[in-house]
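**Q** Sharing a structure below in structure tokens format, with a few things to ask.
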Amino acid sequence: MTTQYNLFINNEWRAPQGGKWFDSLDPFSGEAWASIPRAGEQDVDAAMEAAAEALEGPWSRLSGSERGAILHRLGALIEENAETLAVVESRDNGKLYSEVLGQVRYVSKYFYYYAGLCDKIQGAVIPIDKPKVFNYTRYEPMGVVASITPWNSSLLLTAWKMAPALCGGNTMVCKPSEFTSASLLELAKLFEPAGLPAGVANVVTGFGSEIGERLISHPSIARIAFTGGDQAGRAVARLAGEHLKRVSVELGGKSPNIVFDDADLDNAVNGVITGIFSAGGQTCMAGSRLLVQENIHDAFVEKLLEVTKRAKAGDPTKPDTRVGPVATRPQFEKVMSYIDIAKNEGARCVAGGRALTGEGYGAGQIVEPTIFIDVNNAMRIAQEEVFGPVLAVLRFKDEEDAIRIGNDIKFGLAAGVWTKSLHRAMLLSEKLKAGTVWINNYRSTSFTTPFGGYKDSGIGREGGMDAVKEYMEVKSVWVSSDLEMPDPFVRKY
């Protein structure tokens, strides 16, 4: 029996105006388990109207402290309902339940953090060079924000956008991936109990090909916040540009994880596995290019293989499972095609390289953790984002070589460096073209600090105070203490 959901618009649960739903499939079993509303342009228009009215309604009259109290209550409700939300998201995208539960519990902290910032958004008094003039700046909400999120971490990536946007006094229309919509609809059940006025946060679900253009180009939209692949990000930015909409896009990566010969090798092995095989490699910050200094290459790969082969694959709901299914069938097929591409290019597969089928592996959508060696940086396996549990291992000679290879990529989302040398750590953190550089750790994130990419990895930042300012307009106010205007035909500079 499947669970049927409706759209959440203006604090009401509404059937899609077109009267259509579609199935959400469990990635492990392959079975339909939820029925998701298939929104059309009329539903988008209704959500936009609700958000626009809320922007000028009671929400706009709340003080920062009052907005903060609501966000704090929402964070508390997420914390209270974390297990329910995690069950739904795990079933939707196939990630390990244990990992999703920790992630959902961390989502609550985003709302706590931005709740505390709501009454601390302040401008400045400018020491202006004009006499008898008082000049100051103020930050104001940008307006209605469209949030578009992918299937790999629906709740977390929505929180990255929603918490700072609402903190700044904006309103929102959220569209999750059609593959993983149920968890965000479950989250919407908490909006009204938390005290969010009608229309402040709305959820429409469906297919980007049917409602994406309307969502981005709608006259009420002030900003689009998108997370996804680089090709889709280009399309979003292009359409937003045509309509002069503000946009932030957090896109893909092919992040280098660089291990020097002076590193703690056991710690580095764990960090490399965390960087690529946690979440089945289905994360934009995955350390999918492993750069190992040539004099330790063989020994390090041997250690890596030993730990990798111990990882148990299977049902993501079981506590001892370490490798679950790829979230969608199209993505599974893409990952398998890249494994074939790597083999054809001459890379040598020393672990994995196959799909796991049979008893205990569900619908056969699990890709065994895969490691390729003898990779050079010109290969597609080293240049293109696979978004799966596939690691490309490259050799490097010295610091200069590591920096060259690390930066020889169109992406620039993240990088990792493993070394005991402070000089080396500081040098690479400066020279690597990436928005985040982890030293002797990997895949750490926090609500307190900005996250985003260089080059084709995106535009804008999420996290910390930087994220709030992404959703704010800055206004300069000039107050004259001289009531006599000068000669209007002569401007004095």
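**Q** Name the residues in the range 233-260 that are of a type in the set (Lys, Arg) and over 13 Å from Gly453 (Cβ atoms), would you?
**A** Arg234, Arg238, Lys245, Arg246 - these are the residues of the range 233-260 that are of a type in the set (Lys, Arg) and over 13 Å from Gly453 (Cβ atoms).
**Q** Could you list, in sequence order, all residues of the range 168-216 that are modelled with pLDDT of 95 or more and polar (S, T, N, Q)?
**A** Those that are modelled with pLDDT of 95 or more and polar (S, T, N, Q): Asn170, Thr171, Ser177, Thr180, Ser181, Ser183, Asn202, Thr205.
**Q** Among the candidates Lys433, Lys420, Lys475, which residue alone is over 15 Å from Ala163 (Cβ atoms), open to solvent by 70 Å² or more (accessible area, probe 1.4 Å) and in contact with a Gly (Cβ under 6 Å, 6 or more places away or on another chain)?
**A** Of the residues listed, the single one that is over 15 Å from Ala163 (Cβ atoms), open to solvent by 70 Å² or more (accessible area, probe 1.4 Å) and in contact with a Gly (Cβ under 6 Å, 6 or more places away or on another chain) is Lys433.
**Q** How do the pairs read when you match residues in the range 285-307 that are farther than 30 Å from Gly452 by Cβ and touching a residue at least 12 places away in the same chain (Cβ under 8 Å) with residues anywhere that are open to solvent by less than 30 Å² (accessible area, probe 1.4 Å) and of a type in the set (Gly, Ala, Ser), using Cβ under 6 Å and keeping only pairs 6 or more apart or on different chains?
**A** Within 6 Å, the pairs are Leu305/Ala351.
**Q** Provide a single number: the residues in the range 377-402 that are more than 25 Å from the chain's Cα centre (by Cα) and either surrounded by 20 or more Cβ atoms within 10 Å (Cβ to Cβ) or of a type outside the set (A, V, I, L, M, F, W, C) (or both).
**A** Final tally of qualifying residues: 11.
**Q** Of all residues in the range 242-270, how many are open to solvent by 10 Å² or more (accessible area, probe 1.4 Å), assigned by the TED database to the domain that holds Lys397 and in a helix (DSSP H, G or I)?
**A** Number satisfying all stated conditions: 4.
**Q** Under 6 Å between Cβ atoms, at least 6 apart or on separate chains: pull out the pairs that start in the range 73-86 with a residue that is touching a residue at least 24 places away in the same chain (Cβ under 8 Å) and end on any residue that is assigned to a helix (DSSP H, G or I) and of a type in the set (Lys, Arg).
**A** Ala82/Arg105
**Q** Separate question: Is it the case, given these coordinates, that Asp466 is of a type in the set (D, E, K, R) and not assigned by the TED database to the domain that holds Asn135?
**A** no
**Q** Give me the pairs: first residue in the range 135-150 and over 28 Å from Gly206 (Cα atoms), second residue crowded, with 22+ Cβ neighbours inside 10 Å and not hydrophobic (A, V, I, L, M, F, W, C), beta-carbon distance under 8 Å, and six or more apart or on different chains, which are they?
**A** Tyr139/Gly168; Glu140/Gly169
**Q** I need a count of the residues in the range 37-65 that are assigned to a helix (DSSP H, G or I) and in contact (Cβ under 8 Å) with a residue 12 or more places away in the chain.
**A** Number satisfying all stated conditions: 20.
**Q** Next question. Inside the range 343-365, can you point out the residues that are surrounded by 16 or more Cβ atoms within 10 Å (Cβ to Cβ) and either in contact with a helix residue (DSSP H, G or I) (Cβ under 9 Å, 6 or more places away or on another chain) or among the β-branched types (Val, Ile, Thr) (or both)?
**A** Glu345, Ala347, Cys349, Val350, Ala351, Gly352, Gly353, Ala355, Ala363, Gln365
**Q** Related question: Report, by residue number, each residue of the range 206-231 that is under 26 Å from Phe451 (Cα atoms), out of contact with any His (no Cβ under 9 Å at 6 or more places or on another chain) and in contact (Cβ under 8 Å) with a residue 24 or more places away in the chain.
**A** Once the filter is applied, which keeps residues that are under 26 Å from Phe451 (Cα atoms), out of contact with any His (no Cβ under 9 Å at 6 or more places or on another chain) and in contact (Cβ under 8 Å) with a residue 24 or more places away in the chain, the range 206-231 yields Gly208, Gly212, Leu215, Ala222, Arg223, Ile224, Ala225, Phe226, Thr227, Gly228, Gly229, Asp230.
**Q** Tell me the strands (runs of 3 or more DSSP E) entirely within the range 93-175 that contain at least 2 residues that are open to solvent by 20 Å² or more (accessible area, probe 1.4 Å) and on the phi < 0 side of the Ramachandran plot.
**A** Answer list for the range 93-175: 133-141.
**Q** Please specify each residue of the range 438-462 satisfying the condition of being hydrophobic (A, V, I, L, M, F, W, C) and either in contact with a Leu (Cβ under 7 Å, 6 or more places away or on another chain) or not in a strand (DSSP E or B) (or both).
**A** Phe447
**Q** So for the range 46-66 (the condition being buried (at least 16 other Cβ atoms within 10 Å of the Cβ) and either outside the structural domain of Glu213 (by the TED database) or in contact with a Leu (Cβ under 7 Å, 6 or more places away or on another chain) (or both)), does at least one residue qualify?
**A** Taking every residue of the range 46-66 in turn, none turns out to be buried (at least 16 other Cβ atoms within 10 Å of the Cβ) and either outside the structural domain of Glu213 (by the TED database) or in contact with a Leu (Cβ under 7 Å, 6 or more places away or on another chain) (or both).
**Q** Within the range 276-296, take every residue that is modelled with pLDDT of 95 or more, crowded, with 22+ Cβ neighbours inside 10 Å and not in a loop (DSSP other than H, G, I, E, B) and give me the one that is nearest to the chain's Cα centre (by Cα).
**A** Only one residue tops the list, namely Ile276.
The values are calculated or read from the model by the stated rules, or taken from the named source; none is laboratory data. As the structure is a computational prediction, the values presented were derived from the model and not from experiment. Counting neighbours? That spans all protein chains shown, and the Cβs are built from the backbone with ideal geometry, glycine included. Side chains are part of the model used for accessible areas, which takes the heavy atoms of the whole protein and leaves out ligands, DNA and RNA. Shrake-Rupley method; radii C 1.70, N 1.55, O 1.52, S 1.80 Å.
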